[in-house]
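Taking it in order: structure first as structure tokens, then the write-up.
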Amino acid sequence: AEGWRLTGEEPYVVDGHAADLLLVPARTPAGPTLFAVARDAPGLVRTPLRTVDRTRRQARVTFAATPAERIGPEGAAGPVLGRTLDLAAVALAAEQAGAAAFALERTVAYAKQRVQFGRPIGGFQAIKHLLADLLLESESAISAARWAAASADEGDPDLPALASLVHAYCSDAFVRIAADSIQIHGGVGFTWEHAAHLYLRRARTSAQLLGDAAYHRERYLQRSGAVA
């Protein structure tokens, strides 16, 4: 009679400490339902977290009989949430592919400038081979992200499977490129002042956001019909 109230906790919410409005999926007797919660609602506690990637803030959000406004019919949030998470996975894959490409671009430029034993380190065969492998990873990630974006734009019914496949691939590609970028930069790549570590931090955390690569590969197999 007094309206809906939510009780529970979500441990990792991107920008959860700063958002003016929270959209919260919750279980009701009718099934998954979406609710809106104002930032000043009683019983709402938002605790900022210290995470690996300090450029993407997260918070633990706790609800204790917190007043909430229902959005849409009760029990009807499942398909909406699924579609939203698919689109979010596609958007995240695009970010990963773009960041990986930029990190590689910076690394190639450094390899042309850094001189060791009288020649730029980019002239050594070991660095050439590594950069060639990273370029393949980067271009493949870009192609995959564009493919998923086109599928989302066209309303492809296979988007749930494609979104997971692309998220998994771009996650692995970004992590490898960011990690090897630090190795090519050498000692300076490990310093706090250099930007290389920021890309690795973003790569590591993005690979866990919305589910890790193993989760999305399993989801792809299930959604594509490859697993009964």
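General observations
- Long hydrophobic helices in the chain, taken as whole DSSP H segments with a C-alpha length of 20 Å or more on their own axis and mean Kyte-Doolittle hydropathy at least -1.0: 77-113, 125-153, 159-185.
- Segment 134-182 and segment 30-79 have Cα centres spaced 29 Å apart.
- Paramagnetic reach from Tyr215 (point 7 Å along Cα→Cβ, amide N under 17 Å) across segment 168-183: 168-172
- Take the Cα of Arg119, go 7 Å toward its beta carbon, and none of the backbone nitrogen atoms of segment 182-196 fall under 12 Å from that spot.
- In this simple spin-label approximation, Ala109 and Gln208 carry label points 7 Å from Cα along the Cα→Cβ vector, and these lie 3.1 nm apart.
- For Gln58, nonlocal amide neighbours, meaning residues 5 or more places apart or on other chains whose placed amide H falls under 5 Å from its own, are Asp15, Leu49.
- Dividing the convex hull volume of the alpha-carbon atoms in segment 102-228 by its residue count gives 109 Å³ per residue.
- Ala65-Ala30 pseudo-label distance in nm [points 7 Å out on the Cα-to-Cβ vector]: 2.4 nm
- Taken about its Cα centre, the chain carries a charge dipole of about 780 debye when Lys and Arg each add +1 at the Cβ and Asp and Glu each add -1 at the Cβ.
- Exposure here means at most 13 other Cβ atoms within 10 Å; with GluC sites (Glu not before Pro) in a DSSP loop as sites, the longest stretch of the chain lacking them is 3-153.
- Taking 0.36 nm per residue of separation and subtracting the current Cα-Cα distance, fully stretching the chain between Asp15 and Ala38 would add 6.9 nm.
- Relative contact order %, segment 111-228, counting alpha carbon pairs below 8 Å whose residues are six or more apart: 25 percent
- Each Lys and Arg adds +1 at its Cβ and each Asp and Glu adds -1 at its Cβ; summed about the Cα centre, segment 1-68 shows a dipole of about 240 debye.
- Applying 1/(1 + (r/R0)^6) with r as the Cβ-Cβ distance of Trp4 and Ala88 and R0 = 25 angstrom yields a FRET efficiency of 0.50.
- Accessible area expressed per residue, the chain, with surrounding protein chains retained (probe 1.4 Å, Å²): 56 Å²
The values are calculated or read from the model by the stated rules, or taken from the named source; none is laboratory data. Only a predicted model underlies this, so the values are computations on that prediction, with no experimental measurement involved. As a convention, Cβ positions derive from the backbone with ideal geometry for all residues, glycine included, and neighbour counts pool all protein chains shown. The accessibility values were calculated without ligands, DNA or RNA, using every heavy atom of the protein model including side chains. Shrake-Rupley method; radii C 1.70, N 1.55, O 1.52, S 1.80 Å.
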